[in-house]
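The block underneath contains the structure these notes are about, expressed in C-alpha coordinates.
The values are calculated or read from the model by the stated rules, or taken from the named source; none is laboratory data. Source: prediction; values computed, not measured. Virtual Cβ from ideal backbone geometry, glycine too; neighbours counted across all protein chains shown.
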Amino acid sequence: MPTELTDAQIEQGNARRLLAGLQMLLPQIDQYLPSRAQSIRQKSTELGMDNSRANFAQTFTALQQGSGNADSLEQAAAVAPPMLKSRIYQQAAFKALDEGNTERARQIATDHLDGGARDVVMQRIDFRELATKAESARLDEVRQNVARLRSDNERVDLLIQMTNDLQKSNPKLVRQLLEDARQITNRRATGYEHFEQQLKVAHAFAGIEPARSFEVLDPGISQLNELLSAAALLSGFEVDIFREGELPLRGQSGLTNMVTRYGQELALLAKSDFEQSETLAARFQLAESRIMARLAIVQGLLGVRPVQPRVNFLRGAGPDFMSMPNP
(Lines give C-alpha, C1' and ligand atoms only; values in the text may rest on other atoms or scores of the structure.)
Protein backbone atom coordinates (compact mmCIF):
# COMPACT_ATOMS: atom_id res chain seq x y z
CA MET A 1 0.00 0.00 0.00
CA PRO A 2 1.38 3.45 -0.88
CA THR A 3 2.31 5.57 2.12
CA GLU A 4 1.15 9.15 2.49
CA LEU A 5 3.87 11.68 1.66
CA THR A 6 5.07 13.99 4.39
CA ASP A 7 5.04 17.76 3.97
CA ALA A 8 8.82 17.70 3.59
CA GLN A 9 8.65 15.09 0.82
CA ILE A 10 5.95 17.04 -1.01
CA GLU A 11 8.01 20.22 -0.73
CA GLN A 12 11.11 18.45 -1.98
CA GLY A 13 9.20 16.94 -4.91
CA ASN A 14 7.80 20.33 -5.90
CA ALA A 15 11.26 21.88 -5.71
CA ARG A 16 12.73 19.19 -7.93
CA ARG A 17 9.94 19.63 -10.47
CA LEU A 18 10.58 23.37 -10.56
CA LEU A 19 14.29 22.78 -11.04
CA ALA A 20 13.54 20.26 -13.79
CA GLY A 21 11.44 22.93 -15.50
CA LEU A 22 14.33 25.37 -15.30
CA GLN A 23 16.60 22.73 -16.79
CA MET A 24 14.31 22.55 -19.81
CA LEU A 25 14.65 26.32 -20.23
CA LEU A 26 18.45 26.31 -20.15
CA PRO A 27 18.78 27.09 -23.91
CA GLN A 28 16.80 30.32 -23.36
CA ILE A 29 18.56 31.10 -20.07
CA ASP A 30 21.96 30.65 -21.74
CA GLN A 31 20.87 33.16 -24.37
CA TYR A 32 19.21 35.83 -22.22
CA LEU A 33 20.57 35.33 -18.67
CA PRO A 34 23.91 33.52 -19.07
CA SER A 35 25.05 34.61 -15.58
CA ARG A 36 22.24 32.58 -13.97
CA ALA A 37 22.60 29.43 -16.07
CA GLN A 38 25.62 28.17 -14.13
CA SER A 39 23.69 28.38 -10.84
CA ILE A 40 21.01 26.09 -12.22
CA ARG A 41 23.57 23.58 -13.44
CA GLN A 42 25.35 23.67 -10.09
CA LYS A 43 22.15 23.10 -8.10
CA SER A 44 21.19 20.23 -10.41
CA THR A 45 24.55 18.60 -9.77
CA GLU A 46 24.20 19.07 -6.01
CA LEU A 47 20.82 17.31 -6.04
CA GLY A 48 22.08 14.52 -8.30
CA MET A 49 19.56 15.36 -11.02
CA ASP A 50 20.27 13.89 -14.44
CA ASN A 51 20.92 16.56 -17.07
CA SER A 52 20.17 14.24 -20.00
CA ARG A 53 16.62 15.62 -20.40
CA ALA A 54 17.89 19.19 -20.46
CA ASN A 55 20.62 18.24 -22.93
CA PHE A 56 18.03 16.51 -25.08
CA ALA A 57 15.79 19.60 -24.95
CA GLN A 58 18.64 21.81 -26.11
CA THR A 59 19.54 19.39 -28.89
CA PHE A 60 15.96 19.01 -30.05
CA THR A 61 15.48 22.80 -30.11
CA ALA A 62 18.47 23.09 -32.44
CA LEU A 63 17.09 20.32 -34.64
CA GLN A 64 13.71 22.06 -34.88
CA GLN A 65 15.46 25.21 -36.06
CA GLY A 66 16.80 23.27 -39.04
CA SER A 67 20.42 22.84 -37.98
CA GLY A 68 20.27 19.05 -37.72
CA ASN A 69 21.07 16.24 -40.13
CA ALA A 70 20.25 12.53 -40.11
CA ASP A 71 23.17 11.79 -37.77
CA SER A 72 22.20 14.40 -35.17
CA LEU A 73 18.54 13.37 -35.32
CA GLU A 74 19.46 9.74 -34.75
CA GLN A 75 21.65 10.72 -31.80
CA ALA A 76 18.83 12.82 -30.33
CA ALA A 77 16.41 9.93 -30.70
CA ALA A 78 18.73 7.65 -28.73
CA VAL A 79 18.42 9.85 -25.59
CA ALA A 80 14.85 11.04 -26.17
CA PRO A 81 11.98 10.21 -23.82
CA PRO A 82 10.34 6.90 -24.82
CA MET A 83 7.19 8.62 -26.07
CA LEU A 84 9.22 10.59 -28.64
CA LYS A 85 11.77 8.05 -29.83
CA SER A 86 9.68 6.73 -32.71
CA ARG A 87 8.78 10.20 -33.94
CA ILE A 88 12.39 11.40 -34.00
CA TYR A 89 13.73 8.22 -35.59
CA GLN A 90 11.10 8.70 -38.27
CA GLN A 91 12.31 12.27 -38.83
CA ALA A 92 15.89 10.98 -39.00
CA ALA A 93 14.87 8.55 -41.74
CA PHE A 94 13.11 11.33 -43.67
CA LYS A 95 16.19 13.54 -43.30
CA ALA A 96 18.43 10.78 -44.64
CA LEU A 97 16.07 10.46 -47.59
CA ASP A 98 16.23 14.22 -48.21
CA GLU A 99 20.01 13.96 -48.13
CA GLY A 100 19.82 11.37 -50.93
CA ASN A 101 20.79 8.40 -48.77
CA THR A 102 17.98 5.94 -49.42
CA GLU A 103 19.77 2.98 -47.85
CA ARG A 104 20.43 4.91 -44.65
CA ALA A 105 16.75 5.84 -44.42
CA ARG A 106 15.76 2.21 -44.93
CA GLN A 107 18.24 1.06 -42.27
CA ILE A 108 16.94 3.54 -39.66
CA ALA A 109 13.38 2.44 -40.32
CA THR A 110 14.30 -1.24 -40.08
CA ASP A 111 16.37 -0.91 -36.90
CA HIS A 112 14.27 1.55 -34.90
CA LEU A 113 10.69 1.66 -36.18
CA ASP A 114 7.83 -0.78 -36.29
CA GLY A 115 4.20 -0.92 -37.32
CA GLY A 116 2.66 2.13 -38.96
CA ALA A 117 5.69 4.38 -38.42
CA ARG A 118 7.94 2.01 -40.37
CA ASP A 119 5.30 1.60 -43.11
CA VAL A 120 5.13 5.38 -43.60
CA VAL A 121 8.91 5.63 -44.03
CA MET A 122 9.06 2.65 -46.39
CA GLN A 123 6.27 4.12 -48.49
CA ARG A 124 8.15 7.42 -48.72
CA ILE A 125 11.25 5.54 -49.84
CA ASP A 126 9.24 3.71 -52.50
CA PHE A 127 7.82 7.04 -53.66
CA ARG A 128 11.30 8.53 -53.94
CA GLU A 129 12.55 5.58 -55.97
CA LEU A 130 9.55 5.79 -58.29
CA ALA A 131 10.15 9.51 -58.69
CA THR A 132 13.77 8.88 -59.61
CA LYS A 133 12.72 6.39 -62.27
CA ALA A 134 9.99 8.71 -63.54
CA GLU A 135 12.48 11.07 -65.15
CA SER A 136 13.39 8.46 -67.75
CA ALA A 137 10.03 6.71 -67.84
CA ARG A 138 7.15 7.51 -70.14
CA LEU A 139 4.11 9.25 -68.69
CA ASP A 140 1.90 6.21 -69.19
CA GLU A 141 4.35 4.09 -67.17
CA VAL A 142 4.22 6.61 -64.33
CA ARG A 143 0.43 6.57 -64.43
CA GLN A 144 0.41 2.77 -64.25
CA ASN A 145 2.54 2.90 -61.09
CA VAL A 146 0.22 5.51 -59.59
CA ALA A 147 -2.87 3.46 -60.42
CA ARG A 148 -1.51 0.49 -58.47
CA LEU A 149 -1.70 2.40 -55.19
CA ARG A 150 -4.58 1.62 -52.86
CA SER A 151 -6.12 5.06 -52.28
CA ASP A 152 -6.46 8.52 -53.83
CA ASN A 153 -4.50 9.97 -50.91
CA GLU A 154 -1.52 7.77 -51.73
CA ARG A 155 -1.82 8.62 -55.43
CA VAL A 156 -1.82 12.36 -54.77
CA ASP A 157 1.11 12.07 -52.35
CA LEU A 158 3.14 10.11 -54.89
CA LEU A 159 2.39 12.54 -57.72
CA ILE A 160 3.40 15.52 -55.60
CA GLN A 161 6.54 13.74 -54.39
CA MET A 162 7.47 13.13 -58.02
CA THR A 163 6.93 16.78 -58.93
CA ASN A 164 9.19 17.87 -56.07
CA ASP A 165 11.97 15.63 -57.36
CA LEU A 166 11.51 16.48 -61.05
CA GLN A 167 10.78 20.21 -60.79
CA LYS A 168 14.18 21.30 -62.11
CA SER A 169 14.99 18.47 -64.49
CA ASN A 170 11.64 17.94 -66.24
CA PRO A 171 9.17 20.84 -65.79
CA LYS A 172 6.93 19.58 -68.60
CA LEU A 173 6.38 16.25 -66.84
CA VAL A 174 5.82 18.11 -63.57
CA ARG A 175 2.87 20.00 -65.05
CA GLN A 176 1.37 16.79 -66.42
CA LEU A 177 1.70 15.03 -63.07
CA LEU A 178 0.15 17.97 -61.22
CA GLU A 179 -2.77 17.96 -63.65
CA ASP A 180 -3.27 14.28 -62.85
CA ALA A 181 -3.26 15.12 -59.13
CA ARG A 182 -5.77 17.89 -59.73
CA GLN A 183 -8.09 15.52 -61.55
CA ILE A 184 -8.03 13.16 -58.55
CA THR A 185 -8.94 15.93 -56.08
CA ASN A 186 -11.31 17.86 -58.36
CA ARG A 187 -14.51 16.88 -56.57
CA ARG A 188 -16.43 17.81 -53.45
CA ALA A 189 -14.48 17.07 -50.32
CA THR A 190 -15.95 14.34 -48.15
CA GLY A 191 -13.72 15.08 -45.16
CA TYR A 192 -10.92 17.34 -43.93
CA GLU A 193 -8.33 14.95 -45.32
CA HIS A 194 -9.68 15.61 -48.82
CA PHE A 195 -9.44 19.37 -48.22
CA GLU A 196 -5.81 18.85 -47.24
CA GLN A 197 -5.13 16.97 -50.47
CA GLN A 198 -6.62 19.86 -52.47
CA LEU A 199 -4.39 22.26 -50.56
CA LYS A 200 -1.34 20.12 -51.35
CA VAL A 201 -2.12 20.32 -55.06
CA ALA A 202 -2.68 24.08 -54.87
CA HIS A 203 0.60 24.48 -52.99
CA ALA A 204 2.49 22.45 -55.60
CA PHE A 205 1.08 24.59 -58.42
CA ALA A 206 2.02 27.83 -56.63
CA GLY A 207 5.67 27.57 -57.53
CA ILE A 208 5.18 26.93 -61.24
CA GLU A 209 1.73 28.21 -62.26
CA PRO A 210 -0.02 30.32 -59.57
CA ALA A 211 -3.16 30.77 -61.68
CA ARG A 212 -3.84 27.04 -61.40
CA SER A 213 -3.50 27.29 -57.62
CA PHE A 214 -6.33 29.81 -57.48
CA GLU A 215 -8.47 27.49 -59.62
CA VAL A 216 -7.84 24.62 -57.19
CA LEU A 217 -8.65 26.73 -54.11
CA ASP A 218 -11.83 28.35 -55.44
CA PRO A 219 -14.21 25.32 -55.18
CA GLY A 220 -12.94 24.53 -51.70
CA ILE A 221 -13.82 28.02 -50.47
CA SER A 222 -17.34 27.61 -51.85
CA GLN A 223 -17.75 24.31 -50.02
CA LEU A 224 -16.38 25.77 -46.79
CA ASN A 225 -19.01 28.51 -47.04
CA GLU A 226 -21.69 25.82 -47.27
CA LEU A 227 -20.29 23.94 -44.29
CA LEU A 228 -20.03 27.08 -42.17
CA SER A 229 -23.62 28.00 -42.98
CA ALA A 230 -24.76 24.50 -42.02
CA ALA A 231 -22.75 24.67 -38.79
CA ALA A 232 -24.36 28.01 -37.93
CA LEU A 233 -27.81 26.52 -38.53
CA LEU A 234 -27.06 23.50 -36.31
CA SER A 235 -25.27 25.49 -33.61
CA GLY A 236 -26.45 24.32 -30.21
CA PHE A 237 -27.89 21.08 -31.63
CA GLU A 238 -25.51 18.74 -33.45
CA VAL A 239 -22.45 21.00 -33.44
CA ASP A 240 -21.06 23.66 -31.14
CA ILE A 241 -18.59 25.74 -33.12
CA PHE A 242 -20.09 29.21 -32.81
CA ARG A 243 -19.95 31.29 -29.62
CA GLU A 244 -22.85 33.70 -29.07
CA GLY A 245 -23.57 33.60 -32.78
CA GLU A 246 -20.01 34.34 -33.89
CA LEU A 247 -17.25 32.12 -35.28
CA PRO A 248 -14.20 32.26 -32.93
CA LEU A 249 -11.10 33.45 -34.76
CA ARG A 250 -8.99 30.98 -32.78
CA GLY A 251 -11.41 28.11 -32.50
CA GLN A 252 -10.40 24.50 -32.12
CA SER A 253 -12.81 23.13 -34.73
CA GLY A 254 -11.80 21.54 -37.99
CA LEU A 255 -13.75 24.14 -39.95
CA THR A 256 -12.00 27.16 -38.45
CA ASN A 257 -8.63 25.46 -38.82
CA MET A 258 -9.40 24.74 -42.47
CA VAL A 259 -10.33 28.39 -43.12
CA THR A 260 -6.95 29.34 -41.66
CA ARG A 261 -5.20 26.77 -43.86
CA TYR A 262 -6.80 28.27 -46.96
CA GLY A 263 -5.75 31.70 -45.76
CA GLN A 264 -2.16 30.52 -45.45
CA GLU A 265 -2.15 29.25 -49.03
CA LEU A 266 -3.62 32.56 -50.21
CA ALA A 267 -0.84 34.32 -48.30
CA LEU A 268 1.74 32.37 -50.28
CA LEU A 269 0.03 33.27 -53.55
CA ALA A 270 -0.36 36.94 -52.53
CA LYS A 271 3.36 37.43 -53.04
CA SER A 272 2.87 36.94 -56.77
CA ASP A 273 -0.77 38.07 -57.19
CA PHE A 274 -2.12 40.03 -54.25
CA GLU A 275 -5.27 41.16 -56.05
CA GLN A 276 -6.43 37.63 -56.87
CA SER A 277 -5.60 36.44 -53.35
CA GLU A 278 -7.71 39.24 -51.90
CA THR A 279 -10.53 38.37 -54.30
CA LEU A 280 -10.61 34.77 -53.11
CA ALA A 281 -10.37 35.81 -49.45
CA ALA A 282 -13.39 38.06 -49.99
CA ARG A 283 -15.36 35.04 -51.24
CA PHE A 284 -15.67 33.74 -47.68
CA GLN A 285 -19.20 34.71 -46.77
CA LEU A 286 -18.93 34.99 -42.99
CA ALA A 287 -17.21 38.15 -41.75
CA GLU A 288 -15.15 36.10 -39.30
CA SER A 289 -13.86 33.73 -41.97
CA ARG A 290 -12.94 36.70 -44.21
CA ILE A 291 -11.01 38.23 -41.31
CA MET A 292 -9.19 34.95 -40.68
CA ALA A 293 -8.19 34.61 -44.34
CA ARG A 294 -7.10 38.24 -44.65
CA LEU A 295 -5.17 38.06 -41.39
CA ALA A 296 -3.26 35.05 -42.74
CA ILE A 297 -2.47 37.00 -45.93
CA VAL A 298 -1.16 39.98 -43.96
CA GLN A 299 0.95 37.73 -41.72
CA GLY A 300 2.38 36.01 -44.78
CA LEU A 301 3.30 39.28 -46.49
CA LEU A 302 4.91 40.61 -43.30
CA GLY A 303 6.84 37.40 -42.78
CA VAL A 304 5.09 36.59 -39.49
CA ARG A 305 5.02 32.87 -38.84
CA PRO A 306 1.53 31.60 -37.96
CA VAL A 307 1.19 30.18 -34.46
CA GLN A 308 1.25 26.40 -34.58
CA PRO A 309 0.32 24.15 -31.66
CA ARG A 310 3.36 22.40 -30.25
CA VAL A 311 3.44 19.25 -28.23
CA ASN A 312 4.79 19.40 -24.70
CA PHE A 313 6.62 16.06 -24.73
CA LEU A 314 7.75 16.48 -21.13
CA ARG A 315 4.41 16.99 -19.42
CA GLY A 316 4.67 17.54 -15.72
CA ALA A 317 8.32 18.56 -15.86
CA GLY A 318 7.69 22.28 -15.75
CA PRO A 319 7.25 25.00 -18.40
CA ASP A 320 6.83 23.93 -21.97
CA PHE A 321 9.95 25.40 -23.54
CA MET A 322 8.78 24.24 -26.97
CA SER A 323 5.80 26.64 -26.83
CA MET A 324 7.85 29.75 -26.11
CA PRO A 325 7.80 32.39 -28.90
CA ASN A 326 10.87 32.82 -31.01
CA PRO A 327 12.88 35.91 -30.00
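When segment 176-194 is filtered for residues that are in contact with a helix residue (DSSP H, G or I) (Cβ under 7 Å, 6 or more places away or on another chain), loosely packed, with under 14 Cβ neighbours inside 10 Å and part of a loop (DSSP other than H, G, I, E, B), only Arg188 remains. Scan segment 177-196 and give yes if some residue there is β-branched (Val, Ile, Thr) and free of Cβ contacts under 8 Å to residues at least 24 places away in the same chain, otherwise no. Within segment 177-196 (the criterion being β-branched (Val, Ile, Thr) and free of Cβ contacts under 8 Å to residues at least 24 places away in the same chain), the answer is yes, since at least one residue qualifies.
Each row is one residue, and each column tells you yes or no for (1) modelled with pLDDT of 80 or more; (2) of a type outside the set (Asp, Glu); (3) surrounded by 13 or more Cβ atoms within 10 Å (Cβ to Cβ); (4) closer than 25 Å to Gln285 by Cβ.
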| site | (1), (2), (3), (4) |
| --- | --- |
| Thr132 | no, yes, yes, no |
| Glu135 | no, no, yes, no |
| Asp140 | no, no, no, no |
| Val146 | yes, yes, yes, no |
| Asn153 | yes, yes, yes, no |
| Val174 | yes, yes, yes, no |
| Val201 | yes, yes, yes, yes |
| Gly207 | yes, yes, yes, no |
| Phe214 | yes, yes, yes, yes |
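Taking the conditions (1) modelled with pLDDT of 85 or more; (2) part of a loop (DSSP other than H, G, I, E, B) in turn, Ala92 satisfies each one other than (2).
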